[in-house]
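Chemist: Would you mind keeping the following structure in view while I ask a few things?
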Amino acid sequence: MEYTIAEKIIKKHLVFGKMKAGEEVALKIDQTLTQDATGTMAYLEFETMGIPRVKTELSVAYIDHNTLQSGFENADDHRFIQSMAKKYGLRFSRPGNGICHQVHLERFGIPGKTLIGSDSHTQTCGGLGMLAMGAGGLDVAVAMAGGAYHITMPKMYKVNLTGVLNPFVTAKDISLEILRILSVKGGVGAIIEWGGPGIKNLSVPERATITNMGAELGATASIFPSDEITLEFMKAQGREKDFVPLESDVDARYDRVIDIELSELKPKIACPHSPDNIVDVESIEGTKVDQVCIGSCTNSSLYDMLKVAAIIKGKTVNPDVSLSISPGSKQVLSMMAECGALTDILASGARVLECACGPCIGMGFSPNSQGVSLRTFNRNFEGRSGTKDGRVYLVSPETAVAAAITGVITDPRKLGEPPEVKIPEKFKVDDSSVLLPASEDEASEVEILRGPNIKAFPKGEPLKETFKAKISLKVSDNITTDHIMPAGAKILPYRSNIPYLSKYCFEVCDKDFAERAKAEGRSIIIGGENYGQGSSREHAALVPLYLGVRVVLAKSFARIHEANLINAGIMPLTFKNMEDYDELSQGDELFIDNIFEGMESGEITVKNLENSKKIKAACNFSGRQRDILKAGGLLSYVATEAE
């Protein structure tokens, strides 16, 4: 049999299951990563398993999200995560060392290895030829404990790139083009492999930009071959010993093949409020811009920053624009300083922010009221910036700089000749901000440091044969995890405090939801298509669980969120007849019986007690998923299995 790149890695890491699309497979995980917005909960979950040491080849705890310390909460979480890493055998990337995906790409990613991270943009390392996937924190905790990672065997998509990009057209524009083609739900259930002669002109940082935004497609993973371009990058990082060549077989089969001619692409822009709301930049030129943000795990590499510095050198940021620059790592910032690029950026009037996620996660630098903000980020969901009525557009660094200089959305091709920028043959390597754990002999002496904001996580209850509850909320299509559990500087510090966090659940959709759901005691949520797209944050499952949600009935689910619901002990059901969605209203009382029998058959009947109408719901759970739900969630299931 001829295999795709992803299939080769899956075959090598297969613990059990059949490599047939739609079947559940379990994979051995080589590496894990967490960040501080999801990490505290993941480590609390790991701690309950009683495992004395992580069992992966490498696990890294990064501090990059909650770096704004306006109170004790974030600092306490950082201290807790650091003590957990020291005791249980993880490396700890200190605040300021950089964004997890950028640092992992630079210093730890290895072609052919498996990586899961409690962040949906873990796919970034697919640019190196890793099978890198976002996952819920509990799945990451299980992997650190030596358990397999369970996924539905994905379909295989291939994107063939031909030709060469024109000046001022970039890897980000390729990302936006595939989003235009597939939409934010077009990659669900698939791994996207990038190939064709056009990839030979894309550096690893450019490839990583493309794989990073695979998360916006809903894809399980995105991956490039590991080739001479990969080797060149790894040599520059002093890690050539980790290089492994990897490519698909000539006759590998794909479920879908998409061809993109690079020379035909123009600079693109994602308009508010979705990453797939794509148009050509030239079509909306002249729109006034208030703010420009350059950085995030999508576009904060040294290559991106050097291009920005070269374009803006000798120029001044428009007086009506506020420009921020967020280098992706300490390595990037240090090299910018040494070559003079940082001085050129500062001279323009830009503000240089910390090497962290910052504005992308709503942690500072929010736009003004009704402000137009051009960002080189990956998401522009409504309110994510921290300004509810802010209008956020997603662009390449080149398009961002053009707007910062002119004060309006401008096609960057009008900037003249593009600057010549080359990636250095050797990067500055300084891993002093990555702390090593205590030895196994010393680990028992390490104290876990907890602050008062760190609370116990909620646990699900064992599933029963019948269930009756009211609909506490009905929402539309493409509800994101930002809708369910918002981010931002006001809320992120409470990621380790579920009771407090619950006050903000679904606040964007219905400010009274939390109070209503808690008063009901137990309830059901009705959703549209692609429910739970976006971030991997398991808080979007744990907080509804705390508020009594036990069932979510939707048209379809995003992959990671569906897994998080099952892990939490919330049953995700899908409409068999989409028209039945219109028959349900908030406040209706629903009754489900013969649940165990229905789970076995794959179909459950939901009765609306308001009008006695019966609705058929699909529940295509694997045997393991059924057992997890019956046990009341993954932690209870693991505890039962260990007995």
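Chemist: Relative contact order of the chain, please, whole-number percent, based on alpha carbon pairs below 8 angstrom and at least 6 residues apart. Let's see the in-between values first.
Modeler: Working: 1629 pairs, mean separation 91.0, N = 643.
Rounded, it is 14 percent for the chain.
Chemist: Give me a comma-separated list of calculated 3J(HN,Hα) values for region 502-511, in order, Karplus coefficients 6.51, -1.76, 1.60 applied at θ = phi - 60°, integers in Hz, x for any Gly or Pro.
Modeler: Values, residue by residue: 4, 4, 9, 4, 6, 4, 5, 8, 7, 5 Hz.
Chemist: What's the exposure ranking of D276, D139, going from fewest to most Cβ atoms within 10 Å?
Modeler: On the way: D276 19, D139 29.
With the sparsest Cβ surroundings first, the list reads D276, D139.
Chemist: I'd like to know which of M335, L179, S70 lies farthest towards the positive end of the charge dipole of the chain, counting +1 on Cβ of Lys and Arg and -1 on Cβ of Asp and Glu.
Modeler: The residue sitting farthest along the positive end of the dipole is S70.
Chemist: If you don't mind, another one. What's the ranking of 117-126, 379-388 by average number of surrounding C-beta atoms within 10 Å, highest first? Walk me through the numbers on the way to the answer.
Modeler: Working: 117-126: 30.8, 379-388: 22.1.
Output ranking for 117-126, 379-388: 117-126, 379-388.
Chemist: Can you list the trypsin sites (Lys or Arg not before Pro) in region 467-564 that are in a DSSP coil and have 15 or fewer other beta carbons within 10 angstrom? Write down the numbers at each step before the final one.
Modeler: Numbers: sites: K468, K470, K474, K490, R495, K503, K511, R516, K518, R522, R537, R550, K555, R559; in loops: K490, R495, K511, R522, R537, K555.
Taking region 467-564 and a limit of 15 other Cβ atoms within 10 Å, the loop trypsin sites (Lys or Arg not before Pro) found are K490, K511.
Chemist: Okay, moving on. So what is the relative contact order for region 467-642, in percent, with contacts set as C-alpha pairs under 8 Å and at least six apart?
Modeler: Values: 356 pairs, mean separation 38.4, N = 176.
After rounding, I find 22 percent.
Chemist: For region 1-152, what is the percent of antiparallel DSSP beta bridges, rounded to the nearest 5?
Modeler: Values: 6 of 20 bridges.
The antiparallel fraction comes to roughly 30 percent.
Chemist: Going by alpha carbons, how many degrees (0 to 90, nearest 10) lie between the helix axis of 36-48 and the longest principal axis of the chain?
Modeler: 40 degrees
Chemist: Please list, by residue number, every one of the GluC sites (Glu not before Pro) in region 31-78 that is coil in DSSP and has at most 16 other beta-carbon atoms within 10 Å. Don't skip to the answer; put the middle values down first.
Modeler: On the way: sites: E45, E47, E57, E73; in loops: E57.
Sites meeting the loop and neighbour criteria: E57.
Chemist: Which of Q625, S601, Y581 sits closest to the plus end of the dipole of region 576-634, meaning its Cα is farthest towards the positive end, when Lys and Arg get +1 and Asp and Glu get -1 on the C-beta?
Modeler: Of the candidates, Q625 comes out farthest on the positive side.
Chemist: Continuing with this model, one more query. Taking only C-alpha pairs under 8 Å that are 6+ residues apart, what is the relative contact order of region 5-262 in percent? Kindly include the intermediate steps, with their values, before the conclusion.
Modeler: Details: 567 pairs, mean separation 58.5, N = 258.
Reported relative contact order: 23 percent.
Chemist: Check which residues have an amide H placed less than 5 Å from V549's amide H, if you skip close sequence neighbours.
Modeler: S523
Chemist: Amide H to amide H, which residues 5 or more places from S59 or on other chains are under 5 Å from it, using H placed in the peptide plane?
Modeler: T32, R91
Chemist: Provide the packing ranking of 589-599, 405-415, i.e. peptides ordered by the mean count of other C-beta atoms within 10 Å per residue, highest first.
Modeler: Numbers: 589-599: 17.2, 405-415: 18.9.
Ranked by mean Cβ neighbours within 10 Å, highest first: 405-415, 589-599.
Chemist: I've got another one for you. Restricting to bridges with both residues inside the chain, how much of the DSSP beta-bridge set is antiparallel, in percent to the nearest 5? All intermediate terms of the calculation are to be shown ahead of the outcome.
Modeler: On the way: 31 of 88 bridges.
Antiparallel: roughly 35 percent of the beta bridges in the chain.
Chemist: Within the set K468/K555; K158/K241; K28/K172, which residue pairs have Cα atoms separated by over 23 Å? Each step should come with its number before you reach the end.
Modeler: Numbers: K468/K555 20 Å; K158/K241 29 Å; K28/K172 32 Å.
With Cα atoms farther than 23 Å apart: K158/K241; K28/K172.
Chemist: Same structure again: Quickly work out the T162-to-S601 label distance, labels modelled 7 Å from Cα along the C-beta direction, and quote it in nm with one decimal.
Modeler: It works out to 5.1 nm between the two label points.
Chemist: For region 467-642, what is the percent of antiparallel DSSP beta bridges, rounded to the nearest 5? List each step's numbers first, then the result.
Modeler: Values: 15 of 30 bridges.
Of all bridge pairs located within region 467-642, approximately 50 percent are antiparallel.
Chemist: May I ask you to derive the FRET efficiency for R256 and K614 from their Cβ-Cβ distance with R0 = 35 Å, giving the value to the nearest 0.05?
Modeler: Numbers: r = 36 Å, r/R0 = 1.03.
Given R0 = 35 Å and the Cβ-Cβ separation, E is 0.45.
Chemist: With the Cα gyration tensor of region 380-529 giving a ≥ b ≥ c as the square roots of its eigenvalues, does the rule (a/c under 1.5 for rounded; else a/b larger than b/c for prolate; else oblate) give rounded, prolate or oblate? Working shown, then result.
Modeler: On the way: a/c = 2.86, a/b = 1.29, b/c = 2.21.
Oblate.
Chemist: Okay, moving on. What are the ³J(HN,Hα) couplings of region 337-345, residue after residue, when phi is run through the Karplus curve with 6.51, -1.76, 1.60 and θ = phi - 60°? Round to Hz, x for glycine and proline.
Modeler: For region 337-345, the Karplus-derived couplings read 5, 6, 8, x, 5, 5, 4, 5, 5 Hz, x marking Gly and Pro.
Chemist: Any idea what angle helix 302-312 forms with the longest principal axis of the chain, computed on alpha-carbon atoms, 0 to 90 degrees, nearest 10?
Modeler: Relative to the chain, helix 302-312 is tipped by roughly 50 degrees.
Chemist: ³J(HN,Hα) across region 477-486 via Karplus (A = 6.51, B = -1.76, C = 1.60, θ = phi - 60°), whole Hz, x for Gly/Pro?
Modeler: 6, 6, 6, 9, 5, 5, 5, 5, 9, x
Chemist: What ranking, highest mean first, results for peptides 92-98, 313-319, 168-174 when packing means the other Cβ atoms within 10 Å averaged over each residue?
Modeler: 168-174, 92-98, 313-319
Chemist: Another question about this same structure. Relative to the first principal axis of the alpha-carbon coordinates of the chain, what is the inclination of helix 72-88, with its axis defined by its Cα atoms, in degrees from 0 to 90 and to the nearest 10?
Modeler: For 72-88 against the chain, the angle is about 80 degrees.
Every read-out reported here was derived from the displayed coordinates using simple, explicitly stated rules and does not represent laboratory data. Since the model is a prediction, treat every value here as computed from it, not as a measurement. Here Cβ is always computed from backbone atoms with ideal geometry, including for glycine, and neighbour counts include all displayed protein chains.
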